[in-house]
Amino acid sequence: MAETEPTPSALSRRIDGLFRLARRPDGLPFSNEEVAAACREATGVSFSTTYLWQLRTGRRNNPTKRHLEALAHHFEVPVAYFFDDEHGAKIAAEIELLGALRDAGVRSVALRAVGLSSEALGTVSDLIDVIAVREAAARRARAAEAPPATEPCGDLP
């Protein structure tokens with residue numbers, strides 16, 4: 001009988017979300033190995049790569065306070081991020097914004113918008129919305145023009 005995958009808990013989704021949103025200084029995502037090692041080094045808490053993977057995937061869902069404090073320390077978030085829905089959502093949005101600002105083009109636009117009036121910012125926002133809609137339509141058109149992926153025949157051995 002096949003083993004079913006555990007349903008991720010809110011806690012495991014938040015932990016995994018930190019991995020998806022936070023980045024190393026070189027822009028690459030953190031690995032389980034890096035985070036577990038950093039948590040051990042910074043706090044002295046025993047933290048294995050396997051245990052971290054289990055927390056991220058929901059296979060383990062009752063970490064100690066010390067483990068959560070170590071993760072919070074590494075990702076520079078308050079421990080409340082893991083428990084408080086409103087606080088967690090706000091922090092996740094801030095991390096996502098910081099991630100977007102790492103993109104040089106996004107940062108350039110944001111910096112050039114500093115000092116613009118509310119009306120001008122609204123115009124810039126409207127232009128970005130129009131461009132985003134046009135680019136999405138162009139992507140859909142290109143996808144529709146692409147040759148269909150070949151599927152294997154069902155009757156082949």
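Considering only protein heavy atoms and a probe of 1.4 Å, how much of the accessible area of the chain is carbon and sulfur, as a whole percent? Show your work: numbers first, answer last.
Values: 6430 of 11250 Å².
Roughly 57 percent, rounded to a whole number.
What helices does the chain hold that run 20 Å or longer along their axis, going by alpha-carbon atoms, with a Kyte-Doolittle average of -0.5 or more, using DSSP H for the helix calls? Please report the intermediate quantities before stating the final value.
Values: long enough: 85-101 (24 Å, 0.34); 118-145 (40 Å, 0.19).
Counting only whole DSSP H runs, the qualifying helices are 85-101, 118-145.
With the dipole of the chain worked out from charges on the C-beta (+1 for Lys and Arg, -1 for Asp and Glu) around the Cα centre, which of Val35, Ala141, Ser9 lies farthest toward the positive end?
Val35
Nothing charged except the Cβ atoms of Lys and Arg (+1) and of Asp and Glu (-1): what's the magnitude of the dipole of the range 41-157 about its Cα centre? Round to the nearest 20 debye. Walk me through the numbers on the way to the answer.
On the way: 13 positive and 16 negative charges, 63 e Å.
Its charge dipole is roughly 300 debye.
Report the net charge of residues surrounding Asp84, where surrounding means a beta-carbon distance below 13 angstrom and charges are Lys +1, Arg +1, Asp -1, Glu -1. Can you show the working numbers first?
Working: positive: Arg14, Lys90; negative: Asp85, Glu86.
Net charge in that neighbourhood comes out at 0.
For a quick check of your reading of the filter: which GluC sites (Glu not before Pro) in the range 74-108 sit in a DSSP loop and have no more than 16 other Cβ atoms within 10 Å? Provide the component values of the computation, followed by the final result.
On the way: sites: Glu76, Glu86, Glu94, Glu96; in loops: Glu76.
Listed in order of number, the matching sites are Glu76.
Suppose the chain between Arg107 and Asp129 were pulled fully straight at 0.36 nm per residue; how much longer would it get relative to their current alpha carbon spacing?
On the way: separation 22, 0.36 × 22 = 7.92 nm, distance 1.72 nm.
Separation in residues times 0.36 nm, less the Cα-Cα distance, equals 6.2 nm.
Taking the chain as a Gaussian network, where each spring joins two C-alpha atoms under 10 Å apart, which residue of Thr57, Thr43, Thr123 fluctuates the most?
Comparing Thr57, Thr43, Thr123 in a Gaussian network model of the chain, the most mobile one is Thr123.
Considering the values [x] 49; [y] 27; [z] 24, which represents percent of Cα pairs over 27 Å apart as calculated for the structure under consideration?
[x]
Springs between alpha-carbon pairs under 10 angstrom, Gaussian network model over the chain: which of Ala37, Ala141, Ala113 fluctuates most?
Residue with maximal mean-square fluctuation among Ala37, Ala141, Ala113: Ala141.
Between Leu28 and Glu41, what is 0.36 nm times their sequence separation minus the Cα-Cα distance? Round to one decimal in nm. Let's see the in-between values first.
Numbers: separation 13, 0.36 × 13 = 4.68 nm, distance 2.07 nm.
Fully extending the segment from Leu28 to Glu41 adds 2.6 nm.
The values are calculated or read from the model by the stated rules, or taken from the named source; none is laboratory data. Keep in mind it's a predicted model, so treat the numbers as computed, not measured. Positions of Cβ are backbone-derived with ideal geometry, glycine not excepted, and every protein chain shown enters the neighbour counts. Side chains included, ligands, DNA and RNA excluded: accessible areas come from the protein's heavy atoms. Shrake-Rupley method; radii C 1.70, N 1.55, O 1.52, S 1.80 Å.
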